[in-house]
Amino acid sequence: MLTTVNIKEKPMNKEKIKWIHAMKGIACLIVFFHHFFLTFYKATYTGNPADSKTVSGIDTTFAVQPYGIILNGHFAVCLFIILSAFLFAGKIMKARQQEKEIDFLNLCARRYFRLMLPVAYVGILIFLVKHILALINPALPPYPFELTLPELLSEVLIFQWITLGGKISGVLWTMEILFWGALLAAGLALFSTKKRWYMPFLYLLISYPMEHFFHYNFNIILGVILADLFYYDRIGQYVDFFRSKKLDLSFVKGRKFRNICGSLIVLMGLLIASYPYAAIPTNPVHIFFMKAFGVFFPLSSMGATHGFGVFVLCAGLLIRTENKILSSKPFEKLGNLSMGIYLQHGTIMALLEILLFEKMFAHFENYHVAVAVIFLIAFTLVLLTAWLYHKFIEKNIDRLVNKIHL
């Protein structure tokens, strides 16, 4: 009889789970920031002075400078994809270490329903919002949603998972990647064992042809490589190999070395991952990686650069022996809100555009003051609705999915 991998099983110690949880929350928050500032300060995305809303042009600097990472939605997407692949591959690797057989059918079914049910929730929410608004005040601009109930049902069950983007909501375009990416990560993880020390290099080798099939395969494989390095303690394995050759590198296992080295690697990862989304890069590090990845991935050098930056960032966090800030209570709570922020922020922004934007700009003479007020309202609503989603919907979805057994 096959032993199903427990989706709820924690693949690492509690502290490391907390920082990964926190990173998901940060990623979803960055996606919200990206969409908000893209709406009101387009220059933070394009870097074009003609799009600037400020006299000093400071908004254009966010498009090209490393600190612009806080508004870089594509970096956040790559972070989410790599963490998802890392966790899913890790479940497989841990199951293999425990000599459990893996019921791949159950794994696929649970992954499908874990993502499909939130998509169904978003579709129903938008459908209700559109018709309630039309009922309350027909004079309001219509909510931009054209699907009928049968079309919505077919999107939720089928087309959302086979057509990149889907028609329900623009923010859901990554759901297909998270579904198929998790299955790809799980499939690749099946080939990894403790004895196969060469697997990280083999994964890296196959990432080249696979990236040409789909732009985010490189990111998915980077997540699998992270899992392989972590779960099988490859660094320790390589250190032991060199020690057997009379080259003692045991100092790299030291707590102080790991924390210092890990911190430097985290900073380097952030610098690489801050590669501009739409603007032309000006930072020498960004230019170097654009040209380097452009040789191997000419059609997806930006995605490869963001993915590699995320890989370096996460590797640095894994190398560190502790991550107290990301493991703190506030970041843990932010992690709990991650899915709610991601799923609902687009609907909230669209709703506020219909109900509030024109009134705010008419009331406040200063553009920036009006935007600041809109941001406070939107941010509050996003966090509040994310908390409600986590408390009343996400927890029940988790309970339901964990009962699935084919």
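Structure summary
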quantity	calculated
Yes/no for ILE126 being more than 17 Å from GLY181 (Cα to Cα) and of a type outside the set (Ser, Thr, Tyr)	yes
Identity of the residue in the stretch 74-108, touching a residue at least 40 places away in the same chain (Cβ under 8 Å) and in a loop (DSSP other than H, G, I, E, B), that ends up surrounded by the fewest Cβ atoms within 10 Å (Cβ to Cβ)	GLU101
Answer from TRP173, TRP180 - the residue that is within 18 Å of the chain's Cα centre (by Cα), under 23 Å from GLU353 (Cβ atoms) and not in a loop (DSSP other than H, G, I, E, B)	TRP173
Residue match in the stretch 387-399 (condition: loosely packed, with under 13 Cβ neighbours inside 10 Å and of a type in the set (Asp, Glu))	no
Residue that is closer than 30 Å to ILE70 by Cβ and among the hydroxyl-bearing types (Ser, Thr, Tyr), where the choices are TYR232, TYR216	TYR216
The one condition in (1) of a type outside the set (Gly, Ala, Ser); (2) at pLDDT 95 or above; (3) assigned to a helix (DSSP H, G or I) that VAL64 fails to fulfil	(3)
Odd one out for HIS215, checked against (1) under 18 Å from the mean Cα position of the chain (by Cα); (2) in a helix (DSSP H, G or I)	(2)
Residues satisfying the stated conditions in the stretch 134-160, i.e. not in a helix (DSSP H, G or I) and not β-branched (Val, Ile, Thr)	ASN137, PRO138, ALA139, LEU140, PRO141, PRO142, TYR143, PRO144, PHE145, GLU146, LEU147
Selection status of ILE325, within 21 Å of the chain's Cα centre (by Cα), part of a loop (DSSP other than H, G, I, E, B) and at pLDDT below 95	yes
Count - residues of the stretch 114-133 that are surrounded by fewer than 17 Cβ atoms within 10 Å (Cβ to Cβ) and either β-branched (Val, Ile, Thr) or not in a helix (DSSP H, G or I) (or both)	2
Answer from GLY316, GLY309, GLY294 - the residue that is free of Cβ contacts under 8 Å to residues at least 12 places away in the same chain and closer than 26 Å to PHE218 by Cβ	GLY294
Inter-residue pairs, beta-carbon under 7 Å, first more than 18 Å from ALA85 (Cβ to Cβ) and in the stretch 184-201, second in a helix (DSSP H, G or I), 6+ apart	THR193/ARG96; TRP197/ARG234; TRP197/GLN237
Hits in the stretch 288-318 - residues which are polar (S, T, N, Q) and in a helix (DSSP H, G or I)	SER301, THR305
Selected residue (only one of LEU376, LEU337, LEU343 is closer than 21 Å to ALA76 by Cα, modelled with pLDDT of 95 or more, of a type in the set (A, V, I, L, M) and out of contact with any Leu (no Cβ under 7 Å at 6 or more places or on another chain))	LEU343
Subset of the stretch 269-287 that is assigned to a helix (DSSP H, G or I) and under 19 Å from the mean Cα position of the chain (by Cα) - its residue that is nearest to ILE319 (Cα to Cα)	GLY269
Selection within the stretch 249-268 - farther than 10 Å from ILE319 by Cα and within 26 Å of the chain's Cα centre (by Cα)	LEU264, LEU267, MET268
Considering residues of the stretch 195-249 that are surrounded by 12 or more Cβ atoms within 10 Å (Cβ to Cβ) and of a type in the set (Gly, Ala, Ser) only, the residue nearest to ILE177 (Cα to Cα)	GLY223
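Results for (1) charged (D, E, K, R); (2) over 20 Å from LEU117 (Cβ atoms); (3) exposed (fewer than 14 other Cβ atoms within 10 Å of the Cβ); (4) touching a residue at least 40 places away in the same chain (Cβ under 8 Å), shown as yes or no for each residue.
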| residue | (1), (2), (3), (4) |
| --- | --- |
| LYS324 | yes, yes, yes, no |
| THR347 | no, no, no, yes |
| LEU356 | no, yes, no, no |
| LYS359 | yes, yes, yes, no |
| ALA362 | no, yes, yes, no |
| VAL371 | no, yes, no, yes |
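Yes/no per residue for (1) of a type outside the set (A, V, I, L, M, F, W, C); (2) under 27 Å from the mean Cα position of the chain (by Cα); (3) closer than 21 Å to TYR389 by Cβ:
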{"site": "HIS131", "(1), (2), (3)": "yes, no, yes"}
{"site": "ASN137", "(1), (2), (3)": "yes, no, no"}
{"site": "GLU151", "(1), (2), (3)": "yes, no, no"}
{"site": "ILE158", "(1), (2), (3)": "no, yes, no"}
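The values are calculated or read from the model by the stated rules, or taken from the named source; none is laboratory data. As the structure is a prediction and not an experimental result, all values here were calculated from the model. FYI the Cβ positions are ideal-geometry reconstructions off the backbone, even for glycines, and counts take in every protein chain you see.
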